[in-house]
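Scroll down for the structure; my scribbles are underneath it.
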Amino acid sequence: MKISPDRTFVTFPRLQRDPQSAGGDLVTICNPYMGLGVALTPGALELLEFFEGGATLADVVEASDLDEERAQHLLEPLTDNYILVPADDLEWLLHGVCAKVQRPVGTYTRVTDLDELPKTPAFAVFGVPLDLGGVYGARFGPEAVRNALPKLSLRSQGDDQSRVLLDFENERCFHELPLVIDLGDVRYHPGESLETIGKRIAFVIRETRARGIVPLMIGGDHAWTHFTLAELARAGEDFGIIHFDAHHDMYPDAHGRLNHANTFLGILESDHLKVLHQIGLRTLQLPDDRSVLHGDPRVQFTSARRARTMSAQDVLASLPRDIPYYVSFDVDCMDVDETGSPVIGGLSYYDGLELFEHIGKTFDIIGADFMEVAGEGRPHNRGAELTGRYLFELIVGKQTSHPLRDYIGRIETKRPF
Ligand SMILES: [Mn+2]
């Protein structure tokens, strides 16, 4: 990538020298946190020393006999491989972006290796196993939701496309599933700010969207959605949001701080947001002067009670179809206990199933999140299980399926007795 002459870069402080050197004068230097390495000449190694305290391309030109074009040529592989990093990005890059997880959904892939894949995946799952406290923390959500997914036979489908998936619920079968990868969980180092986490989330959204991959975030606290929405707005494309929640999540914070109750306030500042449709609202509350909920014509809602009496098509009928949509799912829209801020009532499993089936089939989706699943340690986590099912519905929404009876008809029953 072209380096602007006045941007300050710094040598990443945790580089490793590969003992299996590249041969000759070359030495391989790696950034183990980003999973990247590059073979360097002695001249380039000197540059790493030069940048230790921070410097610009212009500084290199001034201090050496290199012209700008030659310096640019030398620095590019260093910046492309995160050996030199922008000084103002060092804080969030220091611990890497994502960590590998024990039980990935599909093939685990580093976010910096997206171009190395033999085939571009359709979806990339990643977790943000962090919450901002509370009695029922959602930090175990990614693990619980991933654990709910094997029942849907999604795991390892990235490697093995030969199996047939039988869906008795919807009386269909899939001969093939879209390619799904798992980028692991966004890293967190104790003491880091929300913004630091947010920059890692934005990086994942940016890298996946740039390749046409649909990012699917599993939370974690609903606050993290603020950063995915901000990144989509920054990308400059108009979009809408379909938001499932018991709460409207536009409660202003007295101190202006981001939290799970004001996630959607930030995106209202963007002209790229065309519509925000909220499904499942059912709180009792006093009006708040500072609330923008009823002042913005782009915001509309269907209460949980009303949604339960309507078809999925009717709930979503008012949404314009000439824009893509981001889906944000807070599990507290459902009638489940495994969530951070439960509210009595809510959508049933089948209400949600029909909505997600309809959304997956008919809407152009640019990303989605599945947030606020709590209930750590419960032997049976309904919140995680239905969240996994809805995530699956988005993934297979546009996949060709076949009637289940066609498959069943071909099974030769062997009686064991
Ligand atoms: Mn929420």
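Things worth noting here:
- Taking the range 161-230 as the region of interest, the strands (runs of 3 or more DSSP E) fully inside it that hold 2 or more residues being modelled with pLDDT of 95 or more are 180-186, 214-219.
- When residue 352 is tested against (1) more than 16 Å from the ligand (Cβ to nearest atom); (2) in contact with a helix residue (DSSP H, G or I) (Cβ under 7 Å, 6 or more places away or on another chain); (3) assigned to a helix (DSSP H, G or I), exactly one condition is not met: (1).
- Condition check for residue 220: closer than 30 Å to residue 179 by Cα, in the same structural domain as residue 387 (by TED's automatic domain parsing) and out of contact with any helix residue (DSSP H, G or I) (no Cβ under 6 Å at 6 or more places or on another chain): no
- Which numbered condition residue 60 misses (of (1) in a helix (DSSP H, G or I); (2) under 25 Å from the mean Cα position of the chain (by Cα)): (2)
- Residues (more than 14 Å from the ligand (Cβ to nearest atom) and touching a residue at least 60 places away in the same chain (Cβ under 8 Å)) located in the range 216-232: 216, 218, 232
- All positions within the range 309-341 that are in a strand (DSSP E or B) and away from the ligand (no atom under 16 Å from the Cβ): 325
- Leading residue by the ranking (nearest to the chain's Cα centre (by Cα)) among those in the range 166-177 that are at negative phi and surrounded by fewer than 18 Cβ atoms within 10 Å (Cβ to Cβ): 176
- Residues of the range 247-262 satisfying the condition of being more than 9 Å from the ligand (Cβ to nearest atom) and of a type outside the set (Phe, Trp, Tyr): 250, 252, 253, 254, 255, 256, 257, 258, 259, 262
Yes/no per residue for (1) surrounded by 23 or more Cβ atoms within 10 Å (Cβ to Cβ); (2) within 25 Å of residue 228 (Cα to Cα); (3) out of contact with any Phe, Trp or Tyr (no Cβ under 7 Å at 6 or more places or on another chain):
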position	(1), (2), (3)
301	no, yes, yes
306	no, no, yes
314	no, no, yes
318	no, yes, yes
323	no, yes, no
333	yes, yes, no
340	yes, yes, no
343	no, no, yes
367	yes, yes, no
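- Close pairs from the range 351-374: first more than 15 Å from residue 395 (Cβ to Cβ), partner part of a helix (DSSP H, G or I) and of a type in the set (D, E, K, R), Cβ under 6 Å, at least 6 apart: 372/332
- Of all residues in the range 326-341, none are among the aromatic types (Phe, Trp, Tyr), closer than 19 Å to residue 177 by Cβ, in contact with a Gly (Cβ under 8 Å, 6 or more places away or on another chain) and in the same structural domain as residue 239 (by TED's automatic domain parsing).
- Residue match in the range 363-377 (condition: within 16 Å of the ligand (Cβ to nearest atom), in a strand (DSSP E or B) and among the acidic types (Asp, Glu)): yes
- Residue satisfying all of: in the range 233-246; crowded, with 23+ Cβ neighbours inside 10 Å and not in a strand (DSSP E or B); nearest to the ligand (Cβ to nearest atom) among these: 245
- Those residues of the range 263-281 which are more than 15 Å from the ligand (Cβ to nearest atom) and touching a Ser or Thr at 6+ places or on another chain (Cβ under 9 Å), in sequence order: 275
- Residue match in the range 307-324 (condition: closer than 30 Å to residue 376 by Cβ and either touching an Asp or Glu at 6+ places or on another chain (Cβ under 9 Å) or not hydroxyl-bearing (Ser, Thr, Tyr) (or both)): yes
The values are calculated or read from the model by the stated rules, or taken from the named source; none is laboratory data. Quick caveat: nothing in here was measured; it's all calculated off a predicted structure. Cβ coordinates were reconstructed from backbone atoms using ideal geometry, including for glycine residues, and neighbour counts include every protein chain displayed.
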